[in-house]
Amino acid sequence: MKSSTPPTSASPTFTTVTASGSVAVAEGASFDIATPLLPTTDHTATGLTAQMLAGGPIGAFETVCIHTTTDEVVISDADAIATMPVIGIAPAAISDTNTGTILLQGFIRDDTWNWTLGGILYADNTTAGGMTQTAPSGTGDLVQAVGVALSADVVYFNPSLTLVEVA
C-alpha cells in the first residue's frame, strides 16, 4: 500500500476503504467512526465488526460466543461456561452455516429496547442471546458486563472478557 499524507484541510469521504497491509494513525490523531453518540435510525450498528460463520441460527440483536469445538459463533447463555464469554452481537439475523456480521465493539440501536440510561448491561442467564441490566445471581451463573446503555434504545457494546461465576 502506498503511503501518502493528505493536506490538513482535506476532509475526504469514503464509502469503503480496503487496505492490504496496516493502517497507521499518527500520534495525536484519531480514527473517528463518525457515529452520533445516539444513533437516530432503528436497527443500526456502527463499530468494529467481523464476518463470522454461524453454528446455528442467530437472531438479530442476539449476543454470541465462540463454540469451543467448531470455532463457529453460537448464541451465548450466561448459564453455562460452554456458551460464554460473549464476544459480539449480531446486528442482523444469520442463518445456520452462513457467514454474517458480528459487532465486536461499537454502537447498536434497537427501538424495542427500554434500557435505563447509564446502566451496565450483562449477558443474560434467562434468555439465551439476550442482555439484561440485572447481573445474573443464580448459583453457577456467569456474570459478564457487555456494554452500557446510552439511552433507552442505544447501547455502547464493549464486552469485557472477565467472567465471574456466582457461587
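The values are calculated or read from the model by the stated rules, or taken from the named source; none is laboratory data. Everything numeric in this text was worked out from a predicted model, so none of it was measured. Heads up: the accessible areas ignore ligands, DNA and RNA and are worked out on the full protein's heavy atoms, side chains in. Shrake-Rupley method; radii C 1.70, N 1.55, O 1.52, S 1.80 Å.
Remark on Thr49: its backbone amide H falls under 5 Å from those of Leu104, a criterion applied only to residues 5 or more positions apart or on other chains, H modelled at 1.01 Å from N. On a per residue basis, the chain carries 59 Å² of accessible surface, using protein heavy atoms and a 1.4 Å probe. Highest GNM mean-square fluctuation among Leu48, Leu103, Leu142, for the chain modelled with Cα contacts below 10 Å: Leu48.
Summarising the amide proton neighbourhood of Glu72: residues at separation of 5 or more, or on other chains, whose placed amide H is nearer than 5 Å comprise His67. 3J(HN,Hα) along the stretch 54-62, derived from phi through the Karplus expression 6.51 cos²θ - 1.76 cosθ + 1.60 where θ = phi - 60°, amounts to 7, x, x, x, 10, x, 4, 6, 9 Hz, with x in place of Gly and Pro.
Of the beta bridges in the chain, as assigned by DSSP with both residues counted there, near 95 percent are antiparallel. Per residue, the average separation of C-alpha pairs within less than 8 Å and at least 6 apart gives the chain a relative contact order of 21 percent.
Based only on Cα atoms, what mean projected area does the convex hull of the chain have, in nm²?
Numbers: hull surface 47.8 nm².
It is 11.9 nm².
Across the stretch 112-122, coupling constants 3J(HN,Hα) worked out from phi with the 6.51/-1.76/1.60 Karplus curve, θ = phi - 60°, read 7, 6, 9, 6, 7, 3, x, x, 6, 9, 10 Hz, and Gly and Pro carry x. Couplings 3J(HN,Hα) for the stretch 152-167, derived from phi with the Karplus relation 6.51 cos²θ - 1.76 cosθ + 1.60 (θ = phi - 60°), are 4, 10, 10, 10, 8, 8, 7, x, 6, 9, 8, 10, 10, 8, 6, 8 Hz, where x marks Gly and Pro. Within the accessible surface of the chain, defined with a 1.4 Å probe on protein heavy atoms only, the carbon and sulfur portion equals 55 percent.
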